[in-house]
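This report refers to the structure that appears directly beneath it.
Every number in this text was worked out from the coordinates using simple rules, so none of it is lab data. This one's a predicted model, so the numbers in the text were calculated from it and none came from an experiment. Here the Cβ positions follow ideal geometry from the backbone for every residue, glycine too, while neighbour counts run over all protein chains shown.
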Amino acid sequence: MANYIVVGLNEEKFALPITDIQEIIKDMPITEIPAARAHVKGVINLRGTIVPVIGLRSKFRMMESHSTASSRIVIVQTPEGEPVGLYVDRVEQVAFFSEILPTTDGIGGAQAGNLSGIGKINDQLVSILHLPSILNTGGSLS
Amino acid sequence: MNESFALTYLSVFLDELEEQLQVLDESILELENGGNSPETIQTIFRAAHTLKGSSAAMGFQSMKEVTHKVESVFELLRQNRLQTSKPLINVLFKCIDYLKAKKETLRKGDFNDEPIETLIELLNGIMNDQPAEESLVANAAAAEQAKATSVQEQALYDGWSETVLAAKAQKLTEGLHSYEISVTLASDVEMPTVKAMVILRNLGELGEVIATSPEIGMWEQEQLLTAGPIHFMLATSHGETQIVRKVEEASQIESFTVKHLQAGGGVQIGSKPSVVSVNKQTTAAAAPASNIAQQASVDQGAAGQSDAKVQIQQTVRVDVNRLEHLLNLVGELIIDNTRIREVRRRFEERFKQESETLLLGEITDHLGRVVAELQEGTMKTRMMPIEQLFNRFPRMVRDVAEQAGKEVTFHVEGKETELDRTLIEEISDPLIHIIRNAIDHGLEPPDEREKLGKNRKGNLLLRASHQENAIVITLADDGRGIDLNRIKQKAVQTGFIGAEEADSLTDKEIIALIFHSGMSTADKVTELSGRGVGMDIVRSHIEKLNGIINIETTAGEGTVFTIKLPLTLAISRSLLVQLGKHTIAIPLTNVVETFRLTPEDIQIVNSEEVCVVRGEILPLVRMHRRLGTVENDSESKGYAVMIGLAEKRVCLYVDKLVANQEIVMKSLGNYLGQVAYVSGATIMGDGRIALILDVNAVIRDSGATISKTNAGEQKATGRKVKLVTFDLEDEHYALDINQAKEIIKVPSILRMANAPAEVLGLTNLRGDLLPVIDIKSCLGMRGSEPDQQSRVIILNEDGRDIGILVDRVREVIHVTHSQIEPPPKDVTMISDQYIGGICKTDEQLVIVLKLEKMLRSRGWDTIHA
């Protein structure tokens, strides 16, 4: 049984397997990339490495929000081992799910393909993100 | 010689081989050009000799035989018993080609000897033209030599063990005499172990080496071999003379003695002097001492060679990836250094009086210097003199000139210019094309030149030099120049431009037309050029390297090609500019000039903005909208940055010029992949990221092509690809032109036993061996004999060249990505993993092949020579 990091977008909670996560950093200046996909917020300078940042909100067709004190960038790695940042509203807690429900057809909306299951914390549902499908679209338009 | 020994020394041997081959190539060319001096012949003789020795030491019998024969030829040349002639030179080049091919196969780990009878026969044929019998000459020479050697008594080495002496006695009963040979290697000898092995091997040819001292097992310790003489105990039926000759076959021997041993272990006492001692300093190699003048020149040659050896510096081979990693780290350091400077500046503002601020200043200054030197040093590790590329050309020029029936004097300057090794590899193909063009098209035939009052021999100058942080390569010929009218006609004829448009073009624009694929002013297609693909390849290569190409031509006086390339691909000086909210870096190699833009400078032509710079009309490109930003203030005057790539120039409108800075190029990573107009990013001194402008994309998009209609079309349909189309049976196929290196007529193909059925064999392309593949049988079609129209397309795959045989090459077509459709699922004829797509043009369907996969899957690289 793996541990998960729970992040928040709006009121919703999403969980990422802790093993997928390289680090979590505070919001920092993001350089926009023109002509990249809409969900790509830009690139950041992570200690000398250029890391693209995905806005998880726009990825899930939510309105982008302004940066707040609780905004965080969760750095994960692509299957090729490249770092990619996921921009989230907040990071909530480390969680452990005793039971993971399968996603059912019909729910999930924009996130449907990106979930690997649903977990529960104190009766609140948490969508468990499937990282490979979030990252598989790539960031360029061509 | 056991296998492990061969493997240990293989790389050393290959390096030596490479070096000597270079020497041979150069000197034989010199010989051909009339440099028939004793020194040249001596140099060649030496090189062949060294190669013979080392290949014998390595146990490569066929190489030894070939080099031996070459050596014999030069022995005759040296004695004026043979005159240099065209056929002779050609045969010698054939030998070198063989050795080169051999080098490659050895590098691949293939130690098999292939038949060399034809070569040997050719060489024999040349030698037999002479009345004198070679063996006779050699014997006479040896006898003379034995006489010439100084004779003196020397004490015997007494370190032989009882068993050795017993073995010696045993041999004597078998009728074999024992000799003790003591060799002192030259003090500056390289690879003493190998030299000792050479001597051992040479002696082994005469009889049995009973023992050595130091023992063979100790030979790995080189200091043992150089510290004192090496003693060999040889049991043989041959006499001293032969032994002397054998020992002398090895080079870099200081002196040696040969002693005949008696049964009891003492020196034979007799009237005949039996101890022969030879001092190498006075009698060089196997030179007959018949002619004093000749002898002197021999010594000179020997001295020259040892000088050359001394110059070779110690080297360490390092994995390129490690260097790359170091370079990246230095890049980080440069960024941090810039940041520290920034911090220092702020400190100085706030705590001007503090002594610590002063200290910080000193430290940052020092750090800055160290970092700068570190950067330079690290960069230098990747740098190589362009010499290794340029050295290949004299031979090529000779071959091409011969084929084209031209006479050429080829000058090379600036061989020592250094540039990034990856660039050296990349620039090779374009240079080959330009040089071939210059010889084939640029220079007039000798007779025509004479009529024009020029020297029969055309001059071709290849020069490399540094210019700030770029490297400039120029190729100048004194031929007929580019005929602008002819290009215009041809362009109108082939429909690149309209007739009126042609009249309105400036000279520069007309010259730029030659980069158009399908353009060739040659009336007929020769084996060398004329298909109009060449310059297109030149351009695409140079574009890939972010280089600039410029052509200047004067009718009747010649043409100058100038290629400007960045010194290295990783770190470059860039111009930082402000475009709306973005800070964008433009590599300085692509920046031609910058100037302030006033409204008067901007004019409208054909509803597009252009600016006039010293009479040249250039499109003005505004990138703001495409980069998702707006111009800072449209009222204020901005700047124009003239950027160039290959032969094209456009002006880019920018809001502000920010700085000129050293930047470390970083990729945006695979996740973002190719982003339009951005080729990468860099981290600036303040930690922010600046995007690097993809000059290529901007210029391509700006429609800086000559034809306006063409440009419009391009914008509408997206990215363009160029395909070279060809026929297989009756179907049309195509390949991306970037994959094709060149197209040649079907050369002679050497069939190979036990190669896969699709492999037709090997062919020799300017000295490189490459496999030729019957693409038809790969695709399940029946192979056919090549005919008049058949061509071989040379592809470059992972740095290796491969030729594919096609029935007919048609043309180069421009299509957009949208015109290429994925292959339908039910294509039955060809395994669809080889098909990249189907391209629909107006009049035909063309199958676009995906060769890289096919080439890789078949594992042909293993047979690649």
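Key figures
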| item | result |
| --- | --- |
| Inter-site label distance for A:S71 and B:Q467 at 7 Å from Cα along Cβ, in nm | 4.6 nm |
| Highest-fluctuation residue, A:R90, A:R47, A:R37 considered, GNM on chain A with Cα pairs under 10 Å | A:R47 |
| Long-range HN-HN contacts of A:L115 with modeled amide H, under 5 Å | A:H130 |
| Calculated FRET efficiency for the pair B:K94/B:D727, C-beta based, R₀ 45 Å, to 0.05 | 0.85 |
| Cα centre as origin, Lys/Arg/Asp/Glu Cβ charges: region A:3-135 dipole, Debye | 240 debye |
| Potential extension, B:R345-B:H325 segment - 0.36 nm per residue separation minus Cα distance | 4.1 nm |
| Given B:K648/B:K850; B:K380/B:K666; B:K741/B:K850; B:K103/B:K741; B:K508/B:K564, the pairs whose alpha carbons are separated by over 26 Å | B:K648/B:K850 |
| Long-range HN-HN contacts of B:T816 with modeled amide H, under 5 Å | B:V721 |
| Estimated inter-spin distance, B:K451 and A:R37, nm [label 7 Å along Cα→Cβ] | 6.6 nm |
| For B:L484, net neighbour charge (Lys/Arg +1, Asp/Glu -1) across residues whose Cβ lies under 15 Å away | -3 |
| Around B:V577: net Lys/Arg minus Asp/Glu count, Cβ-Cβ under 9 Å | 0 |
| Those residues of region A:71-100 whose amide nitrogen sits under 12 Å from the label point placed on A:N122, 7 Å along Cα→Cβ | A:93 |
| Tensor-based shape of region B:387-566 (alpha-carbon gyration tensor, a/c under 1.5 rounded, otherwise prolate or oblate) | oblate |
| Sites B:E190 and A:E80, calculated FRET efficiency, Cβ-Cβ separation with R0 56 Å, nearest 0.05 | 0.80 |
| Shielding score for A:36-43, defined as the mean number of other chain Cβ atoms within 10 Å | 3 |
| Only Lys, Arg (+1) and Asp, Glu (-1) charged, at Cβ; region B:387-566 dipole about Cα centre in debye | 340 debye |
| Restricting region B:583-671 to GluC sites (Glu not before Pro) in coil, as DSSP defines it, with at most 12 other Cβ within 10 Å | B:E635 |
| B:K352/B:R688 FRET efficiency (R0 25 Å; Cβ-Cβ; nearest 0.05) | 0.40 |
| Fewest-first ranking of B:M127, B:M752, using other Cβ atoms within 10 Å as the exposure measure | B:M752, B:M127 |
| Gap separating the Cα centres of region B:743-819 and region B:209-264, nearest whole Å | 53 Å |
| Positive-end residue, region B:387-566 charge dipole about Cα centroid, Cβ charges, pick of B:N455, B:A512, B:I432 | B:N455 |
| Residues with amide H under 5 Å from that of B:E407, placed H, sequence gap 5 or more | B:G458 |
| Computed [θ] at 222 nm, deg cm²/dmol, chain A (DSSP H ≥ 4; -39,500 (n - 2.57); rounded to nearest 500) | -1000 deg cm²/dmol |
| Entries in B:K168/B:K259; B:K52/B:K100; B:K454/B:K488 that, when Cα-Cα distance is taken, lie over 23 Å | B:K454/B:K488 |
| Farthest positive-ward along chain A dipole, Cα basis, beta-carbon charges - from A:P102, A:L129, A:A35 | A:A35 |
| Spin-label model distance (nm) - B:S784 vs B:E332, 7 Å beyond Cα toward Cβ | 6.1 nm |
| Sparse-neighbour loop sites [GluC sites (Glu not before Pro); region B:432-487; at most 14 other C-beta within 10 Å; DSSP] | B:E468 |
| Whole-angstrom gap from region B:577-638 to region B:444-482, using each part's C-alpha centre | 37 Å |
| Inter-chain shielding of A:17-24 (mean C-beta neighbours from other protein chains, 10 Å cut-off) | 0 |
| Which of B:V650, B:V330 has the fewest Cβ neighbours within 10 Å, and the rest in rising order | B:V330, B:V650 |
